Amino acid sequence: MSIDRRMSIDMDIEEFRRHGHEVVDWMADFLRDIEKLPVKSRAKPGEIIGQLPEKPPQEGEPFEAIFQDFQRIVVPGMTHWQHPSFFAYFPANSSRPSVLGEMLTAALGAQCMIWQTSPAAAELEERMMQWLRGMLGLPSGWDGVIQDSASSATLCSILTAREQVSGYGVNARGFDAGGRLVVYGSAETHSSIEKAVKIAGLGAESLRKVPVDGSYAMVPEKLQEAIREDRRRGNTPCCVVATLGTTGSTAVDPLAEIGEVCRKHRVWLHVDAALAGSALVLPEMRWMIEGIDAVDTFVFNPHKWMFTNFDCSAYFVKDRDALVRTFEIHPEYLKTREGRRVNDYRDWGVPLGRRFRALKLWFVLRTFGVQGIRETIRSHMEMARSVVERIEASPDFELLAPAPLNTVCFRYRPQGISDPDELNDLNARLLEAVNDTGKAFFTHTKLDGKYTIRFVVGQTYVSQRHVDQGWKLIAETAAKL
């Protein structure tokens, strides 16, 4: 194919410039006017794919037509996580400087697997992890790397723990026929823990769900009992996963006590702080990491509650050599003269290919500053407390779990209704009715079998006005039921 023919098929640089301005203008209008859109998509199953041709076009189409279809087909099919009335699941908050950083990452188009492929990407990532370590009050000797998600980071931790306890024998020889390697997490631990245990080859039956207390936090005494029982059976305790801010209710496992159990029994300790880790920028929240010296690995997600586009997960390790030894590979085509003088992050996780995730994080940290991040996260927690106060003041609503962070778990319990099944059905109907309005979006969990509505305050640009409107919508809808 000739160069002229190729250029006529692709977009030339001046078209790129013109359409780029159009796209940025659309993005700015979208972010400005997002409150006018329904938070949750109203698309029905099959509605989007039904508007898409079954086969790709044989000839290229103009950008104008593609962009029109994006606005006509894709946007109505999106649930808008950046809407300030998005109170569902967990924050996956972005910010305007993060979006701009992501655009530049796409323009650079770098594959950042080793230092040599983009020195700036490797060294900026190293520095950003140092910044985050200091901002959160983590031990100064720890090293960090950006992973794509907390799920991947936890898998890395379990794999490293597996290699440590086996003397790096599993990587070399596979599993022996001896005792089972066992992983422990609370009954409220994230589902990614079970997935990681399966991927690591330990088997789902090797995951022990440790009982929780009335606050849904792990009971250290029960953890110790489980470890002792496994040793008695000839099994090998491999890793404990403590959670700071469980997905269901943001319960905080008692790290100091769990750490003592792990020290006593010489078991690897990983901390999943995917959401709650961002709150450690607040000095008053550092109680969550009392006992951090006993921890081997720690993960939190700036892409959840630190205003950075998905994906950007910060993973810290006490022993970088253990991590690298678990994942390192040395094919001839990846060898470079820099060697150990630099960080080749391809050896710090599962994938070889890596995105330049540190750039958007750099933009966010410099734009907000530490103080701006503190003020924003603190305001989210204060708004969540205002919801707690409304629930406690209402005779018809019931708080179902402590709210140490930004998530409030509650249910509608009008006087005269006490049947558990009836209450569950009533709250499910309430949630569906609220979400069907398009004015806000909430999700649920179950705590002790109780259908629980979760009110999560964490979108970057949420204000007290949005929280008040969300609560009013719930209360008025409940009254109509």
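List of remarks:
- Looking at Gly60, Gly50, Gly20, just one residue is exposed (fewer than 12 other Cβ atoms within 10 Å of the Cβ) and under 25 Å from Met103 (Cα atoms), and that residue is Gly60.
- Scope the range 221-236; condition without any contact (Cβ under 8 Å) to a residue 40 or more places away in the chain and not basic (Lys, Arg); matching residues: Glu221, Leu223, Glu225, Glu229
Yes/no per residue for (1) at pLDDT 95 or above; (2) surrounded by 15 or more Cβ atoms within 10 Å (Cβ to Cβ); (3) among the polar types (S, T, N, Q):
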| site | (1), (2), (3) |
| --- | --- |
| Val324 | no, yes, no |
| Leu334 | no, yes, no |
| Tyr345 | no, yes, no |
| Arg354 | no, yes, no |
| Gly369 | yes, no, no |
| Ile373 | yes, yes, no |
| Glu382 | yes, no, no |
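- Within the range 245-254, the residues that satisfy the criterion of being touching a strand residue (DSSP E or B) at 6+ places or on another chain (Cβ under 6 Å) and at pLDDT 95 or above are Val252, Asp253.
- Residue count, the range 213-235 (criterion: buried (at least 21 other Cβ atoms within 10 Å of the Cβ) and under 19 Å from Gly248 (Cα atoms)): 3
- Where a residue in the range 456-471 is assigned by TED's automatic domain parsing to the domain that holds Met306 and its partner, wherever it lies, is charged (D, E, K, R) and surrounded by fewer than 17 Cβ atoms within 10 Å (Cβ to Cβ), with Cβ under 8 Å and at least six apart: none
- Qualifying residue in the range 279-286 (condition: surrounded by fewer than 24 Cβ atoms within 10 Å (Cβ to Cβ) and farther than 24 Å from Gln130 by Cα): no
- Residue within the range 205-213 that is out of contact with any Asp or Glu (no Cβ under 6 Å at 6 or more places or on another chain) and of a type in the set (Ser, Thr, Tyr) present: yes
- The set of residues in the range 408-453 being more than 21 Å from His80 (Cβ to Cβ) and among the small types (Gly, Ala, Ser) consists of Gly416, Ser418, Ala428, Gly449.
- Spans of helices (runs of 4 or more DSSP H) in the range 117-212 with at least 3 residues over 20 Å from the mean Cα position of the chain (by Cα) and crowded, with 18+ Cβ neighbours inside 10 Å: 119-136, 150-165
- Test: residue in the range 411-422 that is in contact (Cβ under 8 Å) with a residue 60 or more places away in the chain and within 27 Å of Gln147 (Cβ to Cβ): no
- Members of the range 243-275 that are part of a strand (DSSP E or B) and touching a Cys at 6+ places or on another chain (Cβ under 9 Å): Trp268, Leu269, His270
The values are calculated or read from the model by the stated rules, or taken from the named source; none is laboratory data. Since the structure is predicted, the reported quantities are computational estimates derived from the model, not experimental observations. Positions of Cβ are generated from backbone atoms using ideal geometry, with glycine treated the same way; all protein chains shown enter the neighbour counts.
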